[in-house]
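Right, one structure below, let's go through it.
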Amino acid sequence: MRRTKEDAALTRESLLDAAERLFSEKGVSRTSLADIASAAGVTRGAIYWHFKNKAEVFVAMHARLREPVDAVFQKLIVAGSGDPIRRVRDYYVYVLEETTRSERRRRLLDILTHKAEYVDELKPAIDDIHGVHKRVSEAIAQIFVEAKAVGVLRADVDPELAAETLRFTVHGALSIWLLWPERYPLAERAGPLIDQILNGILVKPLND
């Protein structure tokens, strides 16, 4: 039984690897479950045992993309100690820098950002991704609410809007960098970019 579970897990990973390759090469809409099964060297029945439709494949791919980032999020934002604003800073710097280090992360983000047509077929996947982003923004916003209450944030700053601005800036930077990675030194600019945003909402800049 244990071997059977291990084999099933390996097959699932093989299917996700094949889906990543095909989605990257052909786009999501032009890739079928049968294509993925063939590329992974398994039967169509095997892929339907693991995934009911392409949306489930997409959700599973997003989960693999999020795993290392979620671990850092839990460590720094949820369970972290020390200066909360600096923890927010370190989390988003990690998100940017990790994209430049991880080939898989770059490929998956490129698929999610540039090679997926968000039609009705992928609505469950869109909802899943939106839910993850919403939870991150809410956690960051709560940190900003608490920081404002003790006078760390400027009095005119809306904590929720500040959290959204930070998230949108990071996602926009990643989207543009993925198109022209050779034109922008994202790893070098990650820290200064996040510092610029945070220092604009803080009473006292981080570097002081």
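The values are calculated or read from the model by the stated rules, or taken from the named source; none is laboratory data. Computed from a predicted model, the values in this text were never measured in an experiment. No Cβ is skipped: glycine too gets one built from the backbone with ideal geometry, and neighbour counts run over all protein chains shown. Keep in mind that these areas ignore ligands, DNA and RNA; they rest on the heavy atoms of the full protein, side chains included. Shrake-Rupley method; radii C 1.70, N 1.55, O 1.52, S 1.80 Å.
By the scheme Lys and Arg +1, Asp and Glu -1, what is the net charge of all other residues having a beta-carbon under 14 Å from that of A79?
Neighbourhood net charge equals 0.
Which residue, R64, R135, R106, tops the fluctuation ranking in a GNM of the chain built on C-alpha contacts under 10 Å?
Largest GNM mean-square fluctuation: R135.
Could you pull out every residue, at least 5 positions away or on a different chain, whose amide H is within less than 5 Å of the one on L202? Hs are placed 1.01 Å off N in the peptide plane, and Pro or chain starts have none.
Placed amide hydrogens put R154 under 5 Å from L202.
Could you give the spread of the C-alpha atoms of the chain along their three principal axes, from largest to smallest, in whole angstroms?
Principal axes ranked by extent give 60, 42, 30 Å for the Cα atoms.
What whole-number distance in Å separates the alpha-carbon centres of segment 182-208 and segment 10-54?
39
Using the Karplus curve 6.51 cos²θ - 1.76 cosθ + 1.60 with θ = phi - 60°, what ³J(HN,Hα) values do you get for each residue of segment 51-67, in whole Hz, with x for Gly and Pro?
In residue order, the calculated couplings are 9, 6, 7, 5, 4, 5, 4, 4, 4, 5, 4, 5, 4, 5, 5, 7, 3 Hz.
Please list H133, H171 in order of solvent-accessible area, largest first, computed with a 1.4 Å probe with all protein chains present.
These residues rank, largest area first, as H171, H133.
Round to the nearest 10 and report in Å² the accessible area of E121, as given by a 1.4 Å probe over the protein chains' heavy atoms.
Near enough 100 Å² of accessible area.
Per residue of the chain, what 222 nm ellipticity follows from adding -39500 (n - 2.57) for every DSSP H run with n ≥ 4, rounded to the nearest 500?
Rounded to the nearest 500, it is -24500 deg cm²/dmol.
What does segment 115-160 give for Rg and for Dmax, in Å, if only its C-alpha atoms count?
15.9, 47
Dipole magnitude of segment 47-108 about its Cα centre, charges +1 at Lys/Arg Cβ and -1 at Asp/Glu Cβ only, in debye to the nearest 20?
180
Please say if segment 82-205 is rounded, prolate or oblate, where rounded means a/c under 1.5 for a ≥ b ≥ c the square roots of the C-alpha gyration tensor eigenvalues, and otherwise the choice is prolate for a/b larger than b/c and oblate otherwise?
oblate
Roughly how many Å² is the accessible area per residue of segment 1-145, as a whole number, for a 1.4 Å probe?
52
Given Cβ point charges of +1 (Lys, Arg) and -1 (Asp, Glu) and nothing else, what value in debye, to the nearest 20, does the dipole of segment 1-138 about its Cα centre take?
200
Putting +1 on Lys and Arg Cβ atoms and -1 on Asp and Glu Cβ atoms, find which of L96, I126, V136 reaches farthest to the positive end of the dipole of segment 83-141.
Of the listed residues, the answer is L96.
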